[in-house]
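The values are calculated or read from the model by the stated rules, or taken from the named source; none is laboratory data. No experiment lies behind these values; they were computed from the predicted model shown. We place every Cβ from the backbone using ideal geometry, glycine too, and count neighbours over all the protein chains shown.
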Amino acid sequence: MQAVQLVDPLDGHSFEVFVPASSNGLGGFDSDGCSYAKGMQPRQFEVVTSPTTMFSAPLEAFQEPIPDEKKTPLLEMLIGLGRDVDDARSLKPSERYELAAAVARHLGKDDFTVGELYLQAAWTVRDTIVGFLPGVVGASDAWSKFVETLPQVRDLDNDRGATIAFFDMARLTHRGGFVHERDDMLALSARIPEVGMNAGEKRTEFARRVGEERRLLEKARGAFASGLEAQLGDRELRSGYRFLVGDLSRRLGEFDRARTELEAVELDASSGEQTRSLARDVLAVLKVQARARTVGAESTESGKGDGVQTPAP
């Protein structure tokens, strides 16, 4: 970690934050662009909140001047948002990103910029759900790893090992954006007798965090959709954000909208080749991932292999 000195642009207060000195990409990346390092994730530190005014922004944005006429209204807004915050240092990364999105909106930043902040806020929550899974690169790779590993998990006859394995599969499917497969893995873990791991509490917390990530993904998608409607940027830039609208829709379980958006990106001549390739990758998975849950969560008896068919590649 290295120290960085910052100055709050609203009140001139100087303060110090610590950020990672280096990073790596050993954890691969998700279809919506979320990349992973082994160890600390840099995004957890990339948005900073001032301890005095709650001004929140990416590190580099602290150097941007704020017009005097915007300072008082912005400070009033932040006071309102921080009314229940005793110490800005206690804020979660996702909360700092949400504040940064509100600041960006107040300062007239465009919808794509605001949406990126909400998306990265969602990623900081995803970090707490999935942890570190090495070398998962995009949707198809996540699907392949799921298909290859599931039979081995279903054959486990050790309750503790099976519980851990199904949670790991839930983490993998969450990274892949396979919402029903994720819920099935958690439901299957609920059929295993409790072995002193507090699995029920962990499932409840897993679901809570998934809900929090979902809320932020919806905000990100809404901002991106507004930017597309306003025709911000050039056609290639818009194509990239239309891809995100499509993939986020898939992650939100809205498969028809996802397919419509992704097929449009794939057919759009103005899309960059990388964007079209990403769209093809996600569309391939969209054809095989489940449209609904196949496992009920109500049973707590043994029978961890019941109800799930090994997905087709």
Number of the condition not met by Arg126 [criteria: (1) crowded, with 22+ Cβ neighbours inside 10 Å; (2) closer than 27 Å to Ala225 by Cβ; (3) touching a Ser or Thr at 6+ places or on another chain (Cβ under 8 Å)]: (3)
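Quick grid of which residues meet (1) touching a residue at least 24 places away in the same chain (Cβ under 8 Å); (2) touching a Pro at 6+ places or on another chain (Cβ under 9 Å); (3) more than 16 Å from Arg209 (Cα to Cα); (4) of a type in the set (A, V, I, L, M):
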site: Arg96; (1), (2), (3), (4): yes, no, yes, no
site: Val103; (1), (2), (3), (4): yes, no, yes, yes
site: Gly115; (1), (2), (3), (4): yes, no, yes, no
site: Tyr118; (1), (2), (3), (4): yes, no, no, no
site: Thr124; (1), (2), (3), (4): yes, yes, no, no
site: Val137; (1), (2), (3), (4): yes, no, yes, yes
Subset tally (residues that are among the hydroxyl-bearing types (Ser, Thr, Tyr) and either in contact with a Ser or Thr (Cβ under 6 Å, 6 or more places away or on another chain) or part of a helix (DSSP H, G or I) (or both)) for the range 50-77: 2
Of the criteria (1) in a loop (DSSP other than H, G, I, E, B); (2) at pLDDT 95 or above; (3) surrounded by fewer than 13 Cβ atoms within 10 Å (Cβ to Cβ); (4) not basic (Lys, Arg), which one Gly303 fails: (2)
Positions within the range 20-49 being within 19 Å of Val4 (Cβ to Cβ), without any contact (Cβ under 8 Å) to a residue 24 or more places away in the chain and not in a loop (DSSP other than H, G, I, E, B), in sequence order: Pro42
Breaking point among (1) crowded, with 18+ Cβ neighbours inside 10 Å; (2) touching a helix residue (DSSP H, G or I) at 6+ places or on another chain (Cβ under 7 Å); (3) within 27 Å of Phe243 (Cβ to Cβ), for Arg105: (1)
The range 16-57, residues that are closer than 22 Å to Leu78 by Cβ and surrounded by fewer than 17 Cβ atoms within 10 Å (Cβ to Cβ): Glu16, Pro51, Thr52
Of the criteria (1) of a type outside the set (Ser, Thr, Tyr); (2) in contact (Cβ under 8 Å) with a residue 60 or more places away in the chain; (3) surrounded by fewer than 18 Cβ atoms within 10 Å (Cβ to Cβ); (4) in contact with a Ser or Thr (Cβ under 8 Å, 6 or more places away or on another chain), which one Lys92 fails: (2)
Qualifying residues in the range 62-89 (those that are of a type outside the set (D, E, K, R) and in contact with a Pro (Cβ under 9 Å, 6 or more places away or on another chain)) - the one surrounded by the fewest Cβ atoms within 10 Å (Cβ to Cβ): Pro65
